[in-house]
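Read the figures in this text as sums done on the coordinates, not as results from a lab. Here the structure is a predicted model, which is why all the values come from computation and not from measurement. Here the Cβ positions follow ideal geometry from the backbone for every residue, glycine too, while neighbour counts run over all protein chains shown.
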Amino acid sequence: MKSRIAYLTLCLALVGCGNKTQIPQASNEYAVREIKTTECNLSTSYPATIKGIQDIEIRPKVSGFITKVHVDEGDFVRRGQVLFSIDRVQYEAAVKSAEAAVRVARTAVSTQKLTVKNKKMLHEKKIISDYDMEMAENQLASAEAELASARAQLIDARNNLSFCSVTSPSDGVVGTIPYRVGSLVSSTTAEALTTVSNISKMYVYFSMTEKQLLEYTKGTDGVKGALAAIPAVSLQLADGSTYNQTGKVTNVSGVIDIATGSVSMRATFDNPQKILRSGGSGSVVFPIHMDNAILVPQKATYEIQDKHFVYVVGKDNKVKNTEITVLPQNDGTNFVVTGGLKAGERIVVEGVNTLSDGMTIKPISEAQSAANRRNSAAQSAAQK
C-alpha cells in the first residue's frame with residue numbers, strides 16, 4: 001500500500017513538472033537574400049590639418065619698446081595696415097644726425113670743387129705740379145664718396161624710422177599677440193609679434209599610403225592626370241559637421257615619407273565666410289561611386305583571422321561557408337564585396353552564428369522572418 005502511494009506521488013510530481021517546462025522546438029528556418037548588383041556611394045576620410053594660404057610671422061626689423069598695439073587677436077587686417085608701433089625717439093634722432101652728416105658732406109664736396117677749380121687754373125699756368133692737381137682731384141672724389149655714404153646712411157636711418165610702424169604684409173586674420181605695450185622686442189626675438197593668416201582660401205593637408213595613391217594614379221596620365229580625375233572632396237570639421245564648400249586636391253608631394261610610407265597631399269577650399277581658421281583640424285572625405293556593387297549586410301558575415309565569410313545557400317538548400325573579400329570602406333551596415341560572391345547567389349542574412357558548414361536549412365524571405373519574430377513576440381506577451 002505504501003509503495004503504491006509513493007508511486008502515485010511520483011507520477012503527480014512528474015506531471016506537475018511537465019506543466020511548468022516547455023521545451024521549444026528547434027527550427028531550421030533562416031532568412032535568405034539573393035545577391036543583386038546595385039549603385040553604391042561610399043566615402044573614405046583622411047585626418048587633415050588646415051592652414052591659410054599664407055601664414056606670415058610678423059617680426060620687427062628694429063629693436064625697441066612697443067608703444068602701441070593697434071589690433072587685437074582675431075581682427076581682420078588689410079595689407080599695409082599698422083599692427084604695432086615701436087618707440088621712435090632714437091630713430092628720429094638717427095635721421096636728424098644722418099641729415100646733418102649729408103649737409104656736412106655736401107658742403108665738403110662744394111668746397112673741394114672750388115679747390116679743384118682754383119688749382120686747375122694754377123696748373124694750367126704751370127704754377128703747381130701735376131701731383132698737386134691730382135691730389136686735389138682725389139680729395140674731391142673722396143668728398144663725393146663721403147657724400148654718397150652719408151646719403152646711404154640717411155636712407156638707412158629713414159628706413160629704420162619707418163620700421164617703427166610694423167605693418168601687415170598681406171590681408172588676413174591676426175593670430176595670438178604675446179607682446180603688449182612696454183615689451184622690448186627686436187629682430188632676434190624668439191617669438192614673433194603675431195601671425196597674419198590669409199584665409200581667403202585654405203590649404204588642407206593630409207596623407208595617404210603609397211598603395212592608396214597608386215590606386216588613384218593607375219590608368220591615368222601620371223600624378224597630374226590623377227589629380228584631374230579625383231572628384232571634388234568635402235571637409236569634415238572637428239565637431240563632426242561637414243563644411244559647406246567642396247574642395248579640390250591640387251598637389252601631391254614628390255617624395256614618400258620613408259618612416260611612415262605615406263605621401264603628403266593638399267586640397268584647396270574657398271573660405272568666403274571665414275569659417276575655417278588656420279591651425280584647425282578635420283578630415284578630407286573622398287567620395288567613392290560604384291555602379292555594379294555587391295552589398296551584403298554586415299550581420300550576414302562572420303570573421304576569422306581578419307577574413308570575412310558568408311554562408312551561401314546551394315540548390316539543395318545546404319549552406320557552404322564561403323570566404324569573401326570586401327572594401328575597407330563601408331557605411332556601417334553593409335560590406336561592399338569585391339570577390340567571392342556573384343549576382344544570383346543566395347546567402348543567409350540572419351542567425352549565421354548558429355549555422356555550420358553543410359547544414360540543410362529551410363530558406364525563407366527576410367519579410368517572412370520579420371513576421372515570424374513579430375508573431376513570436378506577440379505570443380510571448382500574451383503568455384505573460
Exercise. Where does each of 365-372, 152-159 land if you order them by average Cβ count within 10 Å, highest first?
Worked result: 152-159, 365-372
Seminar exercise, completed: Per its Cα gyration tensor (rounded if a/c is under 1.5, else prolate when a/b beats b/c, else oblate), the stretch 28-96 is best filed as prolate
For this session: Rounded, prolate or oblate: pick one for the stretch 76-118, where a ≥ b ≥ c are the square roots of the eigenvalues of its C-alpha gyration tensor, a/c under 1.5 means rounded, and failing that, prolate if a/b is larger than b/c, else oblate.
Result: oblate
Exercise. Computed over the Cα atoms of the stretch 88-163, what is the convex hull's projected area averaged over all directions, in nm²?
Worked result: 4.7
Exercise. For the chain, what is the largest minus smallest coordinate of the Cα atoms on each principal axis, given in angstrom and ordered from greatest to least?
Worked result: 169, 55, 36
For this session: Based on the mean of other Cβ atoms within 10 Å per residue, sort peptides 34-43, 93-102 so the most packed one is first.
Result: 93-102, 34-43
Seminar exercise, completed: Between the alpha carbon centres of the stretch 46-98 and the stretch 118-178 the gap in Å comes to 29
For this session: Provide the gained length on full extension for the span Leu122 to Thr338, in nm with one decimal, where the gain is 0.36 nm per separating residue minus the Cα-Cα distance.
Result: 67.2 nm
For this session: With a point put 7 Å past each Cα toward its Cβ, work out how far Gln139 is from Arg106 in nm, to one decimal.
Result: 2.3
Exercise. Which value at 222 nm does the chain reach when only helices count, each DSSP H run of 4 or more adding -39,500 (n - 2.57), with the total divided by all residues and rounded to the nearest 500 deg cm²/dmol?
Worked result: -11000 deg cm²/dmol
Seminar exercise, completed: FRET efficiency for Ala378 and Leu214 from the Cβ-Cβ distance with R0 = 45 Å, rounded to 0.05, comes out at 0.20
Exercise. Cα to Cα, under 16 Å, and not fewer than 8 places away if on the same chain: which lysines meet these conditions relative to Lys125?
Worked result: Lys117
For this session: Would you mind getting me the FRET efficiency between Asp72 and Asp156? Use the beta-carbon distance for r and R0 = 45 Å, nearest 0.05.
Result: 0.85
Exercise. If you count, for each residue, the other Cβ atoms within 10 Å and average over each peptide, how do 178-190, 340-352 line up from highest to lowest?
Worked result: 340-352, 178-190
Problem set entry | Dipole magnitude of the chain about its Cα centre (Cβ charges: Lys, Arg +1; Asp, Glu -1), debye to nearest 20 | 900
Problem set entry | Environment charge of Leu295, counting only residues whose C-beta is closer than 11 Å and scoring Lys/Arg +1, Asp/Glu -1 | 0
Exercise. Against the longest alpha carbon principal axis of the chain, how many degrees, from 0 to 90 and to the nearest 10, is the axis of helix 2-20 turned?
Worked result: 40
Problem set entry | Euclidean distance of C-alpha centroids, the stretch 254-275 and the stretch 320-384, integer Å | 42
For this session: Add +1 for every Lys or Arg and -1 for every Asp or Glu among the other residues with Cβ under 12 Å from the Cβ of Ala192, and state the total.
Result: -2
Exercise. Rounded, prolate or oblate: which one fits the stretch 133-224, using the alpha carbon gyration tensor with axes a ≥ b ≥ c (rounded when a/c is under 1.5, else prolate when a/b beats b/c, else oblate)?
Worked result: oblate
